[in-house]
Amino acid sequence: MSLHSNTESTVVIIGATGDLTRRLLFPAIYRLYALHEWPDANIIGYAVEDWSRDKFLQHLEDNLRQFEHDFDPKVWTELAARIDYRQGDLTKDSLAKLSPKISPSTLFYLALPPQLFGDAAQGLGEAGLSTESKSGYRRLVVEKPFGWDFASAKALRERIHDYWSEEQVYRIDHFLGKETSQNLLVFRFANRFLEPVWNAAHVSQVQITVGETLGVEGRWQYYDKAGALRDMIQNHLMQLFTLTAMDAPATWDAEVLREHKVEVLRAVRGIPPEALSDYACRGQYTKGTIGDKAVPGYLDETGIPKDSTTETFAAIKLYIDNWRWQGVPFYLRSGKRLAARFSEIAVELKDVPTGLFGKPLSNWIVFRMWPDQCIDVVAWAKDPGLQLNTRKIVLATPYEKTDEPDYTAYEQLLLEALKGDRGYFLRFDEVEESWRILTPVLEAWKSGSPAPYGAGSQGPDEQNRLMIHGHSWRTIGGRD
Ligand code: BG6
């Protein structure tokens, strides 16, 4: 087929027959197209499968019909005219055949298993496809995880940088495309009332929880190697952590923003290996019930080795050695098969100084991502009646607009990558610092085994060891 001539840009998805493309990338492209947000860009799917273009389009259409409630065949026909398919592997000769098909401005999206990121970046580079001309850009979007630990992340970076400059590399963390992540910045820096209390003088603790009810869902080959620390904490939760703790940037410049984020990570105190169980906890789910559905334990999931010690739950405690956060514990945890799908960033203010009401009274400021996008302030008010008693109230502020389209993280990030806004993507030093912080935990967890927790529960009891005196975990699925 012949694609439209003089198209502004091309998106090449490498690994186009895989799960990520099917479940996330094409639904995002389709929705953007339907909402007239998709820029003038053609799409080339590239993969090893010897498929025809028609077969590829049919595969995409079948999936869209399954995932998109509002699937519109007319929109699809228009979009499909912009899509091509090329079969090939990651060698330079094979990739070089893409050259006449792409625009001067082309974005290569690596929707591949992580162990192939290096090969793909190198193959594209050797094929000359990373070389930018005056008339356009060449960008490389790399999925997570970026590396497997500190050393492999550095090695991957060097391999990529043999052909691609840091400015050309867009490391994705899809949590940065979520509304709540962006709202953290807006709410923190567009309101004056928060800043005076957003520090160690007033905050007693921060809890960041991303809880899922899903299990490994057929991704066992990847997940059993990764585990919850690599899959969620190293990237998504660390990003939420930096957005919560960073200082205000003076401008929305990508480098300034990322510099402020990385400063937080640089100031994180090393986790002491000799007291590791007070700083990190891991768990693995056993059989249980989610809602009213019985689910198997991790070791009974298809493909998982019976003696696997991979953690499906991870929690860590971090301290930031800077003026703003000295002494405030940040607790981060994430797990599969927990009591509820539930994600939030919860900041607790210290108790009021006097015992005027006979009990300690603190407030929580909560940025919730799931089940609803919301800011909650948990406060105290008078309990109606003749006595001067207190009762807890939740000042809830949902900020979703029901009458406007909801954009997914992938929609937002695809557009930002095409626009070239690197502020939505990770700079290498963010990734590097995050691996540095977690190295003692990764080392310690090479031996021993995770604590069991029943599917549908709050996670392993061992997580309570992380809490300092007076703190306890918030309830997964709770509100206050
Ligand atoms: C992915 C992890 O990055 O994020 C998955 O690999 C996890 O294991 C997912 O389920 C959670 O993202 P979301 O957007 O569904 O909350």
Based on a Kirkwood Rh over C-alpha pairs, give the Stokes-Einstein translational diffusion coefficient of the chain at 25 °C and viscosity 0.890 mPa s in µm²/s.
-> 102
In segment 77-127, the trypsin sites (Lys or Arg not before Pro) that sit in a DSSP loop and have at most 15 other Cβ atoms within 10 Å of their own Cβ are LYS97
Name the shape class, rounded, prolate or oblate, that the alpha-carbon gyration tensor gives for segment 45-185, where a ≥ b ≥ c are the square roots of its eigenvalues, rounded holds for a/c under 1.5, and otherwise prolate holds if a/b is larger than b/c and oblate otherwise.
-> oblate
Quick one: go through segment 22-64 and flag any residue whose amide nitrogen is under 15 Å from the point 7 Å out along the Cα-to-Cβ line of LYS101.
-> 42-58
Enclosed volume per residue, in Å³, of the convex hull spanned by Cα atoms of segment 407-464 = 166
What accessible area, in Å² to the nearest ten, does a 1.4 Å probe give for PHE428?
-> 10
Pull up the cross-link candidates among the lysines for LYS392, meaning alpha carbon to alpha carbon under 28 Å and not fewer than 8 places away within one chain.
-> LYS317, LYS350, LYS359, LYS382, LYS401
Dipole check, the chain, charges on Cβ (K,R +1; D,E -1), about Cα centroid: among ILE468, PRO100, ALA248 the Cα furthest to the positive pole belongs to ILE468
Taking all protein chains as present, what is the carbon and sulfur share of the accessible area of segment 62-184, in % to the nearest whole number, probe 1.4 Å?
-> 48
Please get the size of the charge dipole for segment 152-269, origin at its Cα centre, with Cβ charges of +1 on Lys and Arg and -1 on Asp and Glu, quoted in debye to the nearest 20.
-> 280
Quick shape check on segment 328-480: root eigenvalues a ≥ b ≥ c of the Cα gyration tensor, a/c under 1.5 is rounded, otherwise prolate if a/b tops b/c, else oblate, and it reads oblate
Return the loop-located trypsin sites (Lys or Arg not before Pro) in segment 5-70 (DSSP other than H, G, I, E, B) with at most 12 other Cβ atoms within 10 Å of their own Cβ; answer none if there are none.
-> none
Loop-resident sites, segment 134-209, for trypsin sites (Lys or Arg not before Pro), counting at most 14 other Cβ within 10 Å (DSSP) = LYS134, ARG192
Can you tell me the dipole magnitude for the chain around its Cα centre, using point charges on the Cβ only (Lys, Arg +1; Asp, Glu -1), in Debye to the nearest 20?
-> 820
Would you mind checking which residues have amide H under 5 Å from THR286's amide H? H placed 1.01 Å from N; only 5 or more apart, or other chain.
-> TYR298, TYR453, GLY454, ALA455
With all protein chains present, calculate the accessible area of HIS260 using a 1.4 Å probe and round the result to the nearest 10 Å².
-> 50
Ranked from the most accessible area to the least, with a 1.4 Å probe and all protein chains present, what is the order of LEU466, LEU386?
-> LEU386, LEU466
Taking Cα pairs closer than 8 Å and at least 6 residues apart, the relative contact order of the chain in percent is 17
Quickly work out the THR302-to-HIS469 label distance, labels modelled 7 Å from Cα along the C-beta direction, and quote it in nm with one decimal.
-> 5.2
For TYR137 and GLU49, what is the calculated FRET efficiency with R₀ set at 30 Å and r taken between the beta-carbons, to the nearest 0.05?
-> 0.60
Summarise the accessible area of segment 353-428 (1.4 Å probe, protein heavy atoms) by the percent that is carbon and sulfur.
-> 57
Would you mind working out the accessible area per residue for the chain, using a 1.4 Å probe, and quoting it in Å²?
-> 45
Relative contact order for segment 205-337 using alpha-carbon pairs under 8 Å, separation at least 6, rounded to a whole percent?
-> 40
Once Lys and Arg get +1 and Asp and Glu get -1 on their Cβ, which of ALA16, PRO39, LEU184 lies farthest toward the positive end of the dipole of the chain?
-> LEU184
Provide the FRET efficiency to the nearest 0.05 for the SER362-ALA275 pair, computing r from the beta carbons and using R0 = 35 Å.
-> 0.85
What whole number of Å gives the distance from the Cα centroid of segment 417-478 to the Cα centroid of segment 134-209?
-> 16
Given 0.36 nm per residue, what is the gain on full extension from GLU404 to ASP162 after removing their alpha carbon distance, in nm?
-> 82.7 nm
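The values are calculated or read from the model by the stated rules, or taken from the named source; none is laboratory data. Bear in mind the structure is a predicted one, so any value in this text is a computation, not a measurement. Here the Cβ is made from the backbone with ideal geometry for all residues, glycine too, and neighbour counts use every protein chain on show. Accessible surface areas use protein heavy atoms only, side chains included; no ligands, DNA or RNA. Shrake-Rupley method; radii C 1.70, N 1.55, O 1.52, S 1.80 Å.
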